[in-house]
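What follows is a short report on a single structure.
The values are calculated or read from the model by the stated rules, or taken from the named source; none is laboratory data. Everything numeric in this text was worked out from a predicted model, so none of it was measured. Methodologically, a virtual Cβ is constructed for each residue, glycine included, from the backbone with ideal geometry; neighbour enumeration extends over all protein chains shown.
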Amino acid sequence: MKVNTIYLDNSATTKPYKEVMQTFMAVNEQYYANPASIHAMGVESNELLMRAREQVADILKTEAKNVLFTSGGTESNNTAIIGLARGNTHKGKHILTTEIEHPSVLESVKQLEKEGFEIEYLHVNAQGVISLDELKAKIRKDTILVSMMHVNNEMGAIQPIFEAATIVHAESRAAFHIDAVQSFGKLPLTFNGEEGPDCITISGHKIHGFKGSGVLAFRKKMQWQPYALGGGQEFGLRSGTVAVPQAVALSKAARIAVETMNERAEKYRKWQQQIRAELGQFGDVVHILSTPESAAHILSFSIRDLKGEVIINALQKYGVIVSTSSACSSKQTKTSHVVEALNIDEHFKKGVIRVSFGAHVTSEDIAQFILAIKKVLMELKGELLL
Ligand SMILES: Cc1ncc(COP(=O)(O)O)c(C=O)c1O
């Protein structure tokens, strides 16, 4: 791509921070020994790994022994959902999730359904938010797991996870799992003592860390069945030689994300409002899916009767990179399950575009994006706008 590419697809993945890349190189250079080895080099690697674990635990307000390093959000979600379900069958087999989860959650519960678990889905309203009343109505004494995303990856809806946690804890013995892949480092999130979620998924590459790195963290020791079996690393809970450089890099990215969170959120909100106002001028040619209450780093919109790929290609000519509503579904032709759940007008279902901000985006990039989308709208929809 050209040098002046404007990258606005940060919810698909982010460019790693320079400091994170330096950390990764330095750890690979010096601490490459297996942290499970008992020789001096292994002990040093393990010490570094433990420090990274403590740093993530500090941020989430749990203990280091409750933080597992994984290969990413998908593995963390699979591990939490399948592990917690299979480990708690003595309490019941009922599981609740929402209809707008990421495929790594939806496919996990589908697998569990084949194994005899009963899965129910919470609906969302036009803003992409669940109803706490529906949660109250659906949760049962034999519910063993509730899994919910904090921020939706396709349009940024924020779920009321702390209110939901109160209901889950009061009405059941279920574990409450949060997919925080799109919220960690963007919204405040901790285990919040006894009041919050029980289990949190984080992905490194969404916070300017590396692809192939993630965290699965618990509030306390829980009953569950390990998913990855083997050498018993990560306290016997996630086998496989731990990728120490990935783990240390993730902890560095997490610290930077939390330290810069407020300042970035302010910028992102301003940009979101600015783009929203510009798109608002195009009347009923543009439909904005994200609401003013959605997460600040995502803005999804759709152009009447236009396919997403047409808009992406047109914007690309001006050096602007955005995606269809999710990177995972961008190569599929069918409407995404999230867009279906929002129940929007048929004319706007095929062309959902997601603009997502990251730490490297500048105000100049946003100004250029606005110019580009206006030109694209005139090129492709000029007849409706004149
Ligand atoms: C909400 C959500 N959950 C899970 C994932 C999967 O994370 P990873 O790419 O690290 O496997 C993603 C990735 O886009 C996501 O947006």
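Observations on the structure shown:
Okay, residues lined up against (1) surrounded by 15 or more Cβ atoms within 10 Å (Cβ to Cβ); (2) among the basic types (K, R); (3) more than 16 Å from the ligand (Cβ to nearest atom):
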| site | (1), (2), (3) |
| --- | --- |
| E194 | no, no, yes |
| G209 | yes, no, no |
| S213 | yes, no, no |
| Q233 | yes, no, yes |
| M261 | yes, no, yes |
| I275 | yes, no, yes |
| L279 | yes, no, yes |
| V286 | yes, no, yes |
| S290 | yes, no, no |
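- Selected residue (criterion: nearest to K186 (Cα to Cα)) from residues of segment 279-306 that are touching a strand residue (DSSP E or B) at 6+ places or on another chain (Cβ under 9 Å) and of a type in the set (D, E, K, R): E293
- Taking the criterion of being more than 22 Å from N313 (Cα to Cα) and either aliphatic (A, V, I, L, M) or not in a helix (DSSP H, G or I) (or both), the only residue of segment 363-386 that qualifies is L386.
- Subset of segment 41-73 [surrounded by fewer than 21 Cβ atoms within 10 Å (Cβ to Cβ) and within 16 Å of the ligand (Cβ to nearest atom)]: S71
- Filtering segment 197-207 to residues that are in contact (Cβ under 8 Å) with a residue 60 or more places away in the chain and away from the ligand (no atom under 13 Å from the Cβ) leaves only C199.
- Conditions (1) within 22 Å of L106 (Cα to Cα); (2) aliphatic (A, V, I, L, M); (3) within 16 Å of the ligand (Cβ to nearest atom); number of the one not met by A249: (1)
- Output for segment 348-362, where each listed residue is surrounded by fewer than 20 Cβ atoms within 10 Å (Cβ to Cβ) and part of a strand (DSSP E or B): none
- Residue that is within 16 Å of the ligand (Cβ to nearest atom) and either over 28 Å from L112 (Cβ atoms) or outside the structural domain of G42 (by TED's automatic domain parsing) (or both), where the choices are A314, A257: A257
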